[in-house]
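Colleague: Input: one structure, supplied below.
Only the coordinates and a few stated rules stand behind these numbers; no lab work does. Please read all numbers here as calculations on a predicted model, not as lab measurements. Positions of Cβ are generated from backbone atoms using ideal geometry, with glycine treated the same way; all protein chains shown enter the neighbour counts.
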């Protein structure tokens, strides 16, 4: 087999808590992660040597600093594979808090495993992936999951109850590094009820999830970019049961109940007519 196509799904954080800052500079987190039906598409081909990346995304690096390159380099070196060509069709917003780079890296690792018939299990790939980034193991796993540690300790959860998810990204980019560096992890006044959210998911209660949606990183990103709060409020005005910033931002998502599809479609149309967000999508959990 010389070629392989794979989808790399975006994620949102239904709940995101930072427990503490670790001595090594990383942060201990506790999050509920959810894949959504918005994806990049990668085409991988065997090569005699080296790593070549092409993409339709303007301004996206295809050099050694790209997580795709780093993931490919790790896999090729560790497992003795000769080379790789990758073409990335980019649909997930860049620098959006949706793990776009991490999910592409995860897809490359899975793709190399398939192309070169390495026979690695998802657990083995996840163990390798943490060296690329804290979100990569989750992106290999996908679905609904509790993430702990620096994000690499994963507990699969039952699927999120059926709903519609409106995603809106304003025309700004946010540095994850900046957000974590400016987070006062020891001074947070409130922490999300992640354990309660996990139980609600296990109970199949969308209401229980909605009641517990919170993201402590909003304490940094929202004051720096008030448009995030404006998008959250607008989503609720347009019928979302609740809305939240994903990851370190600036993307915001709103959850609409299963029976509120028409409201969600109208909200998507409304965001297309307004200037709060440069990109908007309507999707479902994966």
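Colleague: Is any residue of region 40-79 close enough, with backbone N under 11 Å, to a label point placed 7 angstrom from the Cα of residue 118 along the Cα-Cβ axis, and if so, which?
Modeller: Only 71-79 fall inside the zone, counting backbone N under 11 Å.
Colleague: Go ahead and collect, in residue order, the members of region 89-108 whose backbone nitrogen is under 20 Å from a label point 7 Å along the Cα-Cβ direction of residue 41.
Modeller: Under 20 Å, as judged by backbone N against the label point of residue 41, lie 89-94, 100-108 of region 89-108.
Colleague: Follow-up question, since we're still on this one. Note the angle between two axes, namely the Cα long axis of helix 227-237 and the longest principal axis of the Cα atoms of the chain, as a number of degrees from 0 to 90, rounded to the nearest 10.
Modeller: 60
Colleague: Quick check: convex hull over the Cα atoms of region 12-88, volume per residue in Å³, rounded to an integer? Numbers along the way, then the final one.
Modeller: Numbers: hull volume 11.7 nm³, N = 77.
It is 152 Å³ per residue.
Colleague: Based solely on C-alpha atoms, express the radius of gyration and the Dmax of the chain in angstrom.
Modeller: So, for the chain, Rg and Dmax equal 18.7, 55 Å respectively.
Colleague: Next question. Once the Cβ-Cβ distance between residue 26 and residue 205 is put in as r, and R0 is 35 Å, what FRET efficiency do you end up with, to the nearest 0.05? Write out the running numbers ahead of the final one.
Modeller: On the way: r = 32 Å, r/R0 = 0.92.
Calculated value: 0.60.
Colleague: Next up: Would you mind calculating the gained length between residue 89 and residue 229 on full extension (0.36 nm times residue separation, minus the Cα-Cα distance), in nm to one decimal? List each step's numbers first, then the result.
Modeller: Working: separation 140, 0.36 × 140 = 50.40 nm, distance 3.04 nm.
Using 0.36 nm per residue and subtracting the Cα-Cα distance, I get 47.4 nm.
Colleague: According to the square roots a ≥ b ≥ c of the eigenvalues of the Cα gyration tensor, what is the shape class of region 185-271, taking rounded for a/c under 1.5, prolate for a/b larger than b/c otherwise, and oblate for the remainder? Each step should come with its number before you reach the end.
Modeller: On the way: a/c = 2.95, a/b = 1.12, b/c = 2.63.
It comes out oblate by the Cα gyration axes.
Colleague: Choose one answer from 33, 245, 75: the residue with the largest mean-square fluctuation in a GNM of the chain with alpha-carbon springs under 10 Å.
Modeller: With Cα springs under 10 Å in the chain, the top fluctuation among 33, 245, 75 is at 75.
Colleague: Where does each of 262, 30, 90, 169 land when they are ranked from fewest to most other beta-carbon atoms within 10 angstrom? Provide the component values of the computation, followed by the final result.
Modeller: Numbers: 262 11, 30 22, 90 17, 169 26.
Taking fewest neighbouring Cβ atoms as first place, the list is 262, 90, 30, 169.
Colleague: GNM on the chain, C-alpha springs below 10 Å: top fluctuator among 170, 82, 93?
Modeller: Ranking 170, 82, 93 by mean-square fluctuation puts 82 first.
Colleague: Across the Cα atoms of region 3-156, what radius of gyration and what greatest pairwise Cα-Cα distance (Dmax) are found, in Å?
Modeller: Taking only Cα atoms of region 3-156, I get Rg and Dmax of 15.0, 46 Å.
Colleague: If you line up the long axis of helix 100-115 against the longest principal axis of the chain, both from Cα atoms, how many degrees apart are they, to the nearest 10?
Modeller: 40
Colleague: Could you state the per residue volume, in Å³, of the convex hull enclosing the Cα atoms of region 84-172?
Modeller: Working: hull volume 11.9 nm³, N = 89.
Enclosed volume per residue, from the Cα hull, is 133 Å³.
Colleague: If you fit an axis through the alpha-carbon atoms of helix 194-203 and take the longest principal axis of the Cα set of the chain, what angle between them do you get, 0 to 90°, nearest 10?
Modeller: For 194-203 against the chain, the angle is about 90 degrees.
Colleague: Among 246, 35, rank each residue by its count of other Cβ atoms within 10 Å, from fewest to most, as a rough exposure measure.
Modeller: Working: 246 26, 35 23.
Listing 246, 35 from fewest to most nearby Cβ atoms yields 35, 246.
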